[in-house]
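Below is one structure, written out as structure tokens, with a few remarks after it.
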Amino acid sequence: MSAAVTTADADTRIPLRAHLRHTGALIRRNLLWIRQDPESMFDALLMPVVFTLLFVYVFGGSIGQALGGGQDGYVQYVIPGMIAMMSMTLSQGVGTGFSQDFNSGVMDRFRSLPIGRGSVLFAKISVELVRMLFATTVLMIVAVLVGFEITDWLGVLAAVGLSTAFASSIMWVFLTLGVVLKNAQSVQAMGFLVLFPLQFGSSIFAPTASMPGWLQAFTDYNPLSTLADAARGLMVGGPVAQDLWVTLGWSVAITAVMAPVAIHKFRTKS
């Protein structure tokens, strides 16, 4: 306990400029690691391609017909939802990577250095956001190739920005799991249990009007539904304000609760 207090006290004595310098150095370290291990980018490269082709060409005809616009109409519907999905799915990588760093001893080395503990976490999140933006860029390229029409570039950028804000909040949850759980496999398993119902119990892939009443009640409070609907309104037109503010509210609330928890668990982990 005294060691944990000493570590926390030492962390608070580090000035802001030093925290920023430490964060920048750790971001560079993490990016260099990706450069040395390009296979770590395979999920960010292949996931948007596979999911877009799967949902557009396997489910697009039937769901698009129900929407009244055919496959072309479904492309316009599902791509904004896919941006929301990327924010959640790739956020899991920050937890598994963090757990692997702990098990390999890298985090023990970081915690023995005179650097801000929060800097380690902020650097990890920053690099994962870069991976997410890369995946989103791939997604938009594939989307255009399958027929998505971009009518408002500012709306697209706003949707990506909103998705990035939400992803950064969710990453604090997975960072906490990466610290608390024993290995990366446990983080992946827990992440799947969280991601699966949130993604498919939402408006990402299909409208919620045809869902059972109890499931609609769940989707009404599902932050992925509000994120997908806000992105859809920004990119292809429609109501935006309520879903936008609800999504931002979720992002702020999750960050306010989970960021202190993640930092505390990291500081005190033995």
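For the list (1) surrounded by fewer than 22 Cβ atoms within 10 Å (Cβ to Cβ); (2) at pLDDT below 95; (3) in a helix (DSSP H, G or I), I need the number of the one condition that Ala158 fails.
Ala158 satisfies all of (1) surrounded by fewer than 22 Cβ atoms within 10 Å (Cβ to Cβ); (2) at pLDDT below 95; (3) in a helix (DSSP H, G or I) except (2).
Pairs, please: C-beta under 6 Å, at least 6 apart or cross-chain, first residue closer than 27 Å to Val156 by Cβ and in the stretch 212-237, second at pLDDT 85 or above and loosely packed, with under 14 Cβ neighbours inside 10 Å?
Qualifying pairs under 6 Å: Gly233/Pro239.
So Lys124 clears everything in (1) over 30 Å from Pro15 (Cβ atoms); (2) of a type outside the set (Asp, Glu); (3) open to solvent by 20 Å² or more (accessible area, probe 1.4 Å) except one condition, right? Which one?
It is condition (1) that Lys124 fails.
So which helices (runs of 4 or more DSSP H) stay within the stretch 45-139 end to end and still have 2 or more residues that are more than 30 Å from Lys269 (Cα to Cα)? Give the derivation first.
Numbers: elements: 60-67, 70-89, 92-104, 106-112.
Counting at least 2 such residues, we get 60-67, 70-89.
Pairs under 9 Å by beta carbon, first residue on the phi > 0 side of the Ramachandran plot in the stretch 129-157, partner surrounded by 14 or more Cβ atoms within 10 Å (Cβ to Cβ), six or more apart or different chains?
Gly147/Val56; Gly147/Gln71; Gly147/Asp72; Gly147/Val75; Gly147/Gln76
Give just the number: which of (1) within 25 Å of Gly95 (Cβ to Cβ); (2) open to solvent by less than 60 Å² (accessible area, probe 1.4 Å); (3) charged (D, E, K, R) does Lys265 not satisfy?
Failed condition: (2).
Which of (1) open to solvent by 40 Å² or more (accessible area, probe 1.4 Å); (2) within 26 Å of Ile141 (Cα to Cα); (3) without any contact (Cβ under 8 Å) to a residue 60 or more places away in the chain does Tyr74 not meet, given it meets every other one?
(1)
If you go through the stretch 211-242 one residue at a time, how many are outside any helix (DSSP H, G or I) and under 17 Å from the mean Cα position of the chain (by Cα)?
Residues of the stretch 211-242 outside any helix (DSSP H, G or I): 211-212, 221-222, 237-240.
Checking which are under 17 Å from the mean Cα position of the chain (by Cα) leaves us with 222.
Of the residues in the stretch 211-242, 1 are outside any helix (DSSP H, G or I) and under 17 Å from the mean Cα position of the chain (by Cα).
Could you please let me know if Val146 is out of contact with any helix residue (DSSP H, G or I) (no Cβ under 6 Å at 6 or more places or on another chain) and either crowded, with 19+ Cβ neighbours inside 10 Å or modelled with pLDDT of 90 or more (or both)? Lay out the reasoning, then the answer.
Numbers: out of contact with any helix residue (DSSP H, G or I) (no Cβ under 6 Å at 6 or more places or on another chain): no; either crowded, with 19+ Cβ neighbours inside 10 Å or modelled with pLDDT of 90 or more (or both): yes.
In short, no.
Residues of the stretch 39-69 being of a type in the set (D, E, K, R) and open to solvent by 60 Å² or more (accessible area, probe 1.4 Å), which ones? Working first, answer last.
First pass over the stretch 39-69, keeping only residues of a type in the set (D, E, K, R): 39, 43.
Matches in the stretch 39-69: Glu39 only.
Scan Trp172, Trp245 and give me the residue that is of a type in the set (Phe, Trp, Tyr), farther than 20 Å from Val94 by Cα and either open to solvent by less than 40 Å² (accessible area, probe 1.4 Å) or part of a helix (DSSP H, G or I) (or both). Can you show your working first?
Numbers: Trp172 fails: farther than 20 Å from Val94 by Cα.
Selected residue: Trp245, the only one of Trp172, Trp245 that is of a type in the set (Phe, Trp, Tyr), farther than 20 Å from Val94 by Cα and either open to solvent by less than 40 Å² (accessible area, probe 1.4 Å) or part of a helix (DSSP H, G or I) (or both).
Of these, Met107, Met82, which one is in contact (Cβ under 8 Å) with a residue 12 or more places away in the chain, hydrophobic (A, V, I, L, M, F, W, C), open to solvent by less than 40 Å² (accessible area, probe 1.4 Å) and within 20 Å of Val180 (Cβ to Cβ)?
Result: Met107 is the single residue among Met107, Met82 that is in contact (Cβ under 8 Å) with a residue 12 or more places away in the chain, hydrophobic (A, V, I, L, M, F, W, C), open to solvent by less than 40 Å² (accessible area, probe 1.4 Å) and within 20 Å of Val180 (Cβ to Cβ).
Which numbered condition trips up Ser112, out of (1) closer than 19 Å to Leu31 by Cβ; (2) surrounded by fewer than 24 Cβ atoms within 10 Å (Cβ to Cβ); (3) of a type in the set (Ser, Thr, Tyr)?
So the condition that Ser112 fails would be (1).
So which residues in the stretch 219-240 are open to solvent by 40 Å² or more (accessible area, probe 1.4 Å) and at pLDDT 90 or above, if there are any at all?
Quick first cut of the stretch 219-240, residues open to solvent by 40 Å² or more (accessible area, probe 1.4 Å) only: 220-221, 229, 236-239.
Hits for the stretch 219-240 are Asp229, Val236.
Out of (1) assigned to a helix (DSSP H, G or I); (2) under 27 Å from Tyr57 (Cα atoms); (3) of a type in the set (A, V, I, L, M); (4) open to solvent by 20 Å² or more (accessible area, probe 1.4 Å), what's the single condition that is false for Ala206?
Status for Ala206: all satisfied but (1).
The values are calculated or read from the model by the stated rules, or taken from the named source; none is laboratory data. Predicted model, so just to flag it, every value in this text is computed and none were measured. FYI the Cβ positions are ideal-geometry reconstructions off the backbone, even for glycines, and counts take in every protein chain you see. For accessibility, only protein heavy atoms count, side chains too; no ligands or nucleic acids. Shrake-Rupley method; radii C 1.70, N 1.55, O 1.52, S 1.80 Å.
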